[in-house]
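First comes the structure, then the notes that go with it.
Taken together, the values in this text are just the output of simple stated rules run on the coordinates, not laboratory data. Only a predicted model underlies this, so the values are computations on that prediction, with no experimental measurement involved. Cβ coordinates were reconstructed from backbone atoms using ideal geometry, including for glycine residues, and neighbour counts include every protein chain displayed.
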């Protein structure tokens, strides 16, 4: 058995949106570090944090103040700090932050750090929503790095971010690229998406024969009135079974043991990869 312990951390906003992005970053890091240490001490091998974990979800606004929240990857302070913790605990860490590529070009991204502290690369959110309360195109350029899979110390790891999860093509691309475990850091509020939260990702795990870790933040972030972030972070196996699940309203670390041999077992039983017919799917890539 190839057992890998996955961990997810969900938290609320620490600090006030009246604070500067730098002040909020310090407060959010201070709030996360005890959970990261707890994960390391619990033997978590692959840890994922929530979308733009060191800031509020600022996209209900269209305030240029939040451009100052962006950092370089991997040379910014948050990635560097997480490299230290990854090395300390021999723990792969997925670090979702607001990325500055150059001044004026920003991405919603995740840095992936291996268990020895080495920076492996990054994923940039592909699909960017633009609806009332979620003005993401004001802040984020669509991702341009494709669907990389990172060969970490413990598993072949893929990343998808929040709104991406509504697009099945990316899950399939990550699976075809070799992912065994895919994480989806999110910032999702109550409403229709709460029903979809427990529907789409287990279905994607089944369709692609992978483990999926879905992590969401908790609480209400004032002064914006887009609703309550409902937590409910979880890990599911390739049959869509829930291995762990967090509450809707508490800051938590949740963990689960994933038997990666199950990827091969399930794919050999449900031959979805063998029976694909890509020659019939031209319409899927039509503009």
**Message:** Springs between alpha-carbon pairs under 10 angstrom, Gaussian network model over the chain: which of 32, 101, 14 fluctuates most?
**Reply:** 101
**Helical mean residue ellipticity (222 nm; -39500 (n - 2.57) per DSSP H run of 4+; nearest 500) of the chain** = -7500 deg cm²/dmol
**Prompt:** Who wins for biggest fluctuation among 37, 252, 136 in a Gaussian network model of the chain, springs between alpha carbons below 10 Å?
**Reply:** 37
**Prompt:** Size of segment 182-237 along its principal axes in angstrom, Cα-based, largest extent first?
**Reply:** 41, 18, 12
**Request:** Mind jotting down the three principal axis lengths of segment 212-269 based on Cα atoms? Whole angstrom, largest first.
**Result:** 50, 19, 12
**Asked** What's the extension gain from residue 192 to residue 285 if we count 0.36 nm per residue and subtract their Cα-Cα distance?
**Response** 30.7 nm
**Request:** Set the Förster distance to 22 Å, then compute FRET efficiency between residue 101 and residue 167 from the Cβ-Cβ distance, nearest 0.05.
**Result:** 0.45
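Could you work out the relative contact order of the chain? I mean the mean sequence separation of Cα pairs under 8 Å and 6+ apart, divided by the number of residues, in percent.
On the way: 650 pairs, mean separation 56.5, N = 287.
Across the chain, relative contact order equals 20 percent.
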**Segment residue 176-residue 270, length gained on full extension (0.36 nm per residue, minus Cα span)** = 32.3 nm
**Item:** Debye log10 I(q)/I(0) at q = 0.11, 0.15 Å⁻¹ for segment 2-124, Cα point scatterers
**Value:** -0.35, -0.64
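Given 0.36 nm per residue, what is the gain on full extension from residue 203 to residue 250 after removing their alpha carbon distance, in nm? It would help to have the intermediate numbers written out before the result.
Numbers: separation 47, 0.36 × 47 = 16.92 nm, distance 2.57 nm.
Between residue 203 and residue 250, full extension yields 14.3 nm more.
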**Computed over segment 3-274, Kirkwood Rh from alpha-carbon pairs, angstrom** = 18.2 Å
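From the C-alpha coordinates alone, can you work out the Kirkwood hydrodynamic radius of segment 138-282, in Å?
For segment 138-282, inverting the mean 1/r across all distinct Cα pairs yields 16.1 Å.
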**segment 174-213 versus segment 127-167: alpha-carbon centroid distance in Å** = 12 Å
